[in-house]
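In what follows, a structure is listed as C-alpha cells, so that the remarks can point back to it.
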Amino acid sequence: MTTVTPKRFTLEEYHRLIELGFLTENDRLELIKGELMQMVAKGTPHTVCNTSLLCEVTFLLQRQAIVRGQEPIILPPNSEPEPDLVIARYRPDRYLSNHPSPSDILLVAEVADSTLKYDQEVKLSLYAESGISDYWIFNLVASCLEVYSQPYQDLQGNFGYASKRIFLSNTIVTLPGFPDLSLDLSRVFPDFDTMNN
C-alpha cells in the first residue's frame, strides 16, 4: 500500500516559486516547516492592534533597530513566516540583501484572535526551535500580552520557552534589548468598550 505524503519545500524552492510567479502577495502564504500555510484574513481588532503596535514600537526605537511588520524572516532549514512584528538589529541596508534570520532578531510578536491556538503552539515551537530569544503574543481573546523567553528543548525533542509572563492590556512592558524603552500596552490593544458603544 502506498503512503501519500505532502510535498515539502525548501527555502530555495519556495523562493524559486515566488521568482517564477507561481506564488504572489495575493496568495497570502507563509512557509512553515516546509509546508505552504494559508494565512488567515485579519479582522478589524487585529488590524487596529497591529497598526498601533507598529506605530508605537517604531516611535520608541527611532532608528535604534529595524522594525518590520508582517514581513518575512528566515528560519532555517525550511521556514519563512511573516510575523506581525519583528524587531531586528539595525543594518544600514535594512535587510535588502536578505530577510532577518534568528541571529538578527531581538523580538518576534504575533497578534492573535482566531489564530491564538496556532500562535501558542505551532509558532511558539517554531520560534523556540530557531532560538528566537523573545516571543510575544498579543492575545486579543483575553486582552493580555503573553511574553515568552528562554527557548529550550525538552528530553522528548519538543521546543518551548522556559519563561512565560502575562501582562494585562493596561500595563507597561520593557522592550527586549532596550531596557530603557517601555511600551504602554493601553496604546496598543484595541479599546473594545469604545467599539461596543
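The values are calculated or read from the model by the stated rules, or taken from the named source; none is laboratory data. This structure is a prediction, so every number in the text was calculated from the model and none was measured. Neighbour counts run over all protein chains shown; Cβ positions are idealised from the backbone, glycine included. Each accessible area value is taken on the protein alone, full model and side chains, heavy atoms only, with ligands, DNA and RNA left out. Shrake-Rupley method; radii C 1.70, N 1.55, O 1.52, S 1.80 Å.
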Restricting attention to the range 17-51, and to residues there that are open to solvent by 30 Å² or more (accessible area, probe 1.4 Å) and among the small types (Gly, Ala, Ser), which single residue is farthest from Phe189 (Cα to Cα)?
Gly21
Scope the range 120-151; condition of a type in the set (D, E, K, R) and either in contact with a helix residue (DSSP H, G or I) (Cβ under 6 Å, 6 or more places away or on another chain) or open to solvent by 20 Å² or more (accessible area, probe 1.4 Å) (or both); matching residues
Glu121, Glu129, Asp134
Residue check, Lys117 exposed (fewer than 12 other Cβ atoms within 10 Å of the Cβ), at pLDDT 95 or above and in a helix (DSSP H, G or I)
yes
Quick one: Glu56 ticks every box in (1) farther than 24 Å from Ala128 by Cα; (2) out of contact with any strand residue (DSSP E or B) (no Cβ under 7 Å at 6 or more places or on another chain) except a single one, so which number is it?
(2)
Answer residue from the range 26-70, given it is part of a strand (DSSP E or B) and modelled with pLDDT of 85 or more and is nearest to Phe9 (Cα to Cα) among those
Ile32
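Collect the residues in the range 134-161 that are among the polar types (S, T, N, Q) and outside any loop (DSSP other than H, G, I, E, B), keeping them in residue-number order.
Restricting attention to the range 134-161, the residues satisfying the condition of being among the polar types (S, T, N, Q) are 139, 143, 149-150, 153, 156, 158.
Answer for the range 134-161, where residues must be among the polar types (S, T, N, Q) and outside any loop (DSSP other than H, G, I, E, B): Asn139, Ser149, Gln150, Gln153.
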Filter pass, Asp184 being surrounded by 18 or more Cβ atoms within 10 Å (Cβ to Cβ), at pLDDT 95 or above, of a type in the set (D, E, K, R) and under 29 Å from Arg63 (Cβ atoms):
no
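Tell me, yes or no, whether the range 71-79 has at least one residue that is part of a loop (DSSP other than H, G, I, E, B), of a type in the set (D, E, K, R), free of Cβ contacts under 8 Å to residues at least 60 places away in the same chain and surrounded by 15 or more Cβ atoms within 10 Å (Cβ to Cβ).
To start, the set of residues in the range 71-79 that are part of a loop (DSSP other than H, G, I, E, B) comprises 71-74, 76-78.
Now restrict to residues that are of a type in the set (D, E, K, R): 71.
Filter once more, keeping what is free of Cβ contacts under 8 Å to residues at least 60 places away in the same chain: 71.
The next check asks that each one be surrounded by 15 or more Cβ atoms within 10 Å (Cβ to Cβ); those that pass are 71.
Yes, the conditions are met somewhere in the range 71-79.
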